[in-house]
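Each reported figure results from applying straightforward, stated rules to the coordinates on display, with no laboratory input. Predicted, not measured: the structure shown is a model, and the values here were computed from it. Positions of Cβ are backbone-derived with ideal geometry, glycine not excepted, and every protein chain shown enters the neighbour counts.
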Amino acid sequence: MATRTSTDTTRRYRTPDALLAEATAASGGLTDFGPGDFRAGLDRLLDSLERESDLSPATDADVVGAFRRRLVNRLEVEAWYAEHPEIEQLTLQGPIDINGMPRTGTTALCQMLSLDPQFRSLRGWEQSKPCPPPTLETEASDPRRLELVASHAAVSADLAAKHTFDADATVEDTELLGMAFHGQQYTLPVYEYHEWWRHADMTSTFEYHERVVKLLQSRRPPDLWLFKAPHHNYCLEAIAAAYPDVKFVMTHRDPAKTVPSWASLVSSIFPPPDGERDLVRLGHEVSNHLRVGVENAIDARSRLDGSRFLDVHHRQLVSDPMGTVRRVYEFLELELEPSVARAISDWEQANRSGAHGTHEYTAEQFGLSADQIRFEYDFYLRHFDVEVEG
């Protein structure tokens with residue numbers, strides 16, 4: 001599909017002002033969208049989508065609908081705070097933040113830790129619609145949770161082989177950052193937005209993140225939070241500013257394995273294109289995106305207290321999962337209860353590599369090669385002593 005220019009007199013997608021007005025109408029007239037610079041991100045995102053979208057027109061309603069829903073969420077969050085001002089005074093513990101390049105074990109490690117009731121998981125279903133905040137007594141039958149469970153059951157075998165799903169485990173904070181319109185947004189082929197986002201100031205974004213997290217905590221303990229997001233690599237200092245007691249667990253793996261694997265997953269997540277998707281461009285965009293992320297992480301870690309960080313290598317997690325989990329608990333200075341250890345061991349046995357199918361991909365289908373990736377990521381391999389896989 002041809003790239004649109006700013007001189008076009010008609011738009012395929014909504015303007016930011018139109019979306020704000022639609023969100024106000026959908027919320028019953030609410031007008032307070034809350035703090036932060038979300039408008040800058042919204043403007044950039046819609047501009048990028050308008051200029052370079054290769055998506056099928058059949059996707060338009062869902063794409064724009066997600067943006068509108070996030071704006072409605074912002075309005076409802078502020079209305080909830082106005083009715084419950086005591087939330088402002090809440091405090092939280094931690095969080096523990098699992099990050100690292102995608103496809104390095106962040107999901108597996110997080111899903112195992114999410115089995116421990118001493119952690120407060122950040123679930124996808126409560127992120128997608130934070131109000132009303134969930135309660136422990138009713139969350140099992142919460143319509144938001146049941147809807148997500150049903151969607152997981154309908155996941156294709158191909159996608160199930162690429163990624164594990166759990167409605168009750170911490171997932172990436174895609175929706176919270178999406179509400180701030182400063183999310184990584186690697187669910188859409190908006191490469192100009194991705195470039196802007198990699199260099200955006202995320203300070204107010206994570207201040208808003210913490211505001212929504214406190215709302216979610218307000219009726220559902222405990223308060224020791226567990227976060228997980230590979231894209232946190234880009235903004236470690238902003239996270240530490242918003243969450244002064246955060247501890248980071250960073251996972252590592254040979255980028256010649258992780259880069260094409262994530263490119264393959266992204267190609268499954270992007271909505272269908274109008275024609276053929278340019279997988280070679282996708283591969284190079286993904287490789288560059290992830291490389292900048294680890295560059296940012298190394299740079300930020302040079303300024304942050306090293307005692308905040310624990311590095312976990314994928315080979316350790318695969319060869320000795322329980323030993324790795326125990327090492328994480330020692331780092332966090334937390335007790336691993338025997339019942340939790342058994343639950344984690346059972347989960348690991350049920351979800352070993354290949355248990356849900358085989359993820360088939362090659363670097364070459366995305367215009368990449370193992371040698372070139374390792375050359376471009378040599379600084380990362382050396383810095384973290386990452387083992388090259390055969």
Inset, instruction - Quick one: what are the phi-derived ³J(HN,Hα) couplings along the range 112-117, Karplus 6.51/-1.76/1.60 with θ = phi - 60°, whole Hz, x for glycine and proline? - result: 5, 5, 5, 6, 8, x
Inset, instruction - Kindly write out, for the range 370-376 in residue order, the coupling ³J(HN,Hα) from the Karplus curve 6.51 cos²θ - 1.76 cosθ + 1.60 (θ = phi - 60°), rounded to whole Hz, with x marking Gly and Pro. - result: 4, 5, 5, 4, 5, 5, 6
Inset, instruction - Could you work out how far the C-alpha centroid of the range 72-99 sits from that of the range 52-67, in angstrom? - result: 30 Å
Inset, instruction - Note the full-extension length gain between ARG277 and SER151 as 0.36 nm times their separation in residues minus their Cα-Cα distance, in nm to one decimal. - result: 42.9 nm
Legend entry - the range 296-348: trypsin sites (Lys or Arg not before Pro) in DSSP coil with no more than 14 other Cβ atoms inside 10 Å: ARG303
Inset, instruction - Give me the net charge of LEU90's neighbourhood, meaning all other residues with Cβ under 11 Å from the Cβ of LEU90; Lys, Arg count +1, Asp, Glu -1. - result: -1
Inset, instruction - Rounded to whole Hz and in sequence order, give me ³J(HN,Hα) for the range 205-212 from the Karplus expression 6.51 cos²θ - 1.76 cosθ + 1.60, θ = phi - 60°, writing x for Gly and Pro. - result: 4, 7, 5, 5, 3, 5, 5, 6
Legend entry - Under 5 Å, built H, 5+ apart or other chain: amide partners of LEU55: ASP274
Inset, instruction - Give me the distance in nm between label points sitting 7 Å out from Cα along the Cα-to-Cβ direction at ARG219 and ASP305, one decimal. - result: 3.6 nm
Legend entry - Euclidean distance of C-alpha centroids, the range 229-271 and the range 327-390, integer Å: 12 Å
Legend entry - Around PRO143: net Lys/Arg minus Asp/Glu count, Cβ-Cβ under 13 Å: -1
Legend entry - Exposed-site-free run, longest, the chain (rule: GluC sites (Glu not before Pro); DSSP loop; at most 15 other C-beta within 10 Å): 138-275
Legend entry - Antiparallel bridge percentage (DSSP; both residues within the chain; nearest 5): 5 percent
Legend entry - Within-12-Å neighbourhood charge of GLU76 [Cβ basis; K, R +1; D, E -1]: +1
Legend entry - THR15/ASP371 FRET efficiency (R0 56 Å; Cβ-Cβ; nearest 0.05): 0.75
Inset, instruction - Work out how much length GLU83 to ALA66 would gain on full extension: take 0.36 nm times their residue separation and subtract the Cα-Cα distance, in nm to one decimal. - result: 3.5 nm
Legend entry - Helix-derived mean residue ellipticity, 222 nm - over the chain, DSSP H n ≥ 4, -39500 (n - 2.57), to 500: -15500 deg cm²/dmol
